[in-house]
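The values are calculated or read from the model by the stated rules, or taken from the named source; none is laboratory data. The structure displayed is predicted, hence computed values, not measured ones. A quick note on method: Cβ atoms are made from the backbone with ideal geometry, for glycine too, and the neighbour counts reach across all protein chains shown.
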Amino acid sequence: MTPIPTVGAILATMTLVALIETAIPLQARGRWNSAHLGPNLILTFIGFMTNALFNSTLALALRRLESNGFGVMHLIALRPAIALAVTVLVLDFGFYVAHVAMHKVPVFWRFHRVHHSDPAVDVTTTIRQHPGESVIRYAFLAAFALVLGVSPAGFGIYLLCSALNGLLEHANIRVPRQLDSLLSLVTSWPNMHKIHHSRVTMETDTNYGNLFSFWDRIFLTFTPTRNGTNIIYGLHGHDDPAAQSTTGLLTMPFCRTDRAKPARRSMASV
């Protein structure tokens, strides 16, 4: 059975992370932490349904292609461990490319800004995504996975790692700066990702990485994690309670605003 992350496992992890947030919060809870809970959870459950459909469809396609020997991976004899490492690296690079595209392509950004408009980032922000963003993400993921010819098991393992890491990097948890800086040399950690949720465009357009931070370092989109402990979250022009309601979030991609996408600017580097 392909190890696609289950709703139960994600909810259990979310609950555990939420408890840790109360013990060692990065930022004190404010009014938005309570106000965003309902809409975030509703979008999370919508995300569960859309992601389950896409996961199953893509896993089935990969299984069929695997039986036919289609894909780059089937042209090269690799040991299982190496094949898994290549799968995780390539799919994570595909995630990075998709994420950058969602910030740079105006139509994509309209959907992705639902995620970025959250004025309080915590574990419930993780799957606060518009269904349209899921379509965009899986289109990129499918392109990389199908061409590479990854195994259904490798695909499932990457999804599981991605889901769990997403819960961690959005969590409102205080992590020692030195530890976060050390770990972010290779992987994406809470302080690093918090910078990506800044209202400051120069910070928002950095730290796109999902599992690994070296994509940001390679392509000069990295901002040091020491800047991520006192971020003001959200997007200007999206703080109205109506815009932050479930209906407001679902209709946000179809509403015109003064800030259709982040302004272009120079990429931050180490």
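Points worth noting:
- Every residue from the stretch 10-31 that is out of contact with any Phe, Trp or Tyr (no Cβ under 8 Å at 6 or more places or on another chain), over 13 Å from Asn172 (Cα atoms) and in contact (Cβ under 8 Å) with a residue 60 or more places away in the chain: Thr13
- Qualifying positions in the stretch 205-229 - in contact with a strand residue (DSSP E or B) (Cβ under 9 Å, 6 or more places away or on another chain), assigned to a helix (DSSP H, G or I) and crowded, with 20+ Cβ neighbours inside 10 Å: Gly228
- Matching residues in the stretch 53-68 - criterion: being over 16 Å from Phe144 (Cα atoms) and either touching a residue at least 24 places away in the same chain (Cβ under 8 Å) or within 20 Å of the chain's Cα centre (by Cα) (or both): Leu53, Ser56
- Checked against (1) assigned to a helix (DSSP H, G or I); (2) more than 20 Å from Tyr233 (Cβ to Cβ); (3) touching a Ser or Thr at 6+ places or on another chain (Cβ under 9 Å), Leu185 passes all but condition (1).
- Identity of the residue in the stretch 230-270, at pLDDT below 80 and among the polar types (S, T, N, Q), that ends up surrounded by the fewest Cβ atoms within 10 Å (Cβ to Cβ): Ser266
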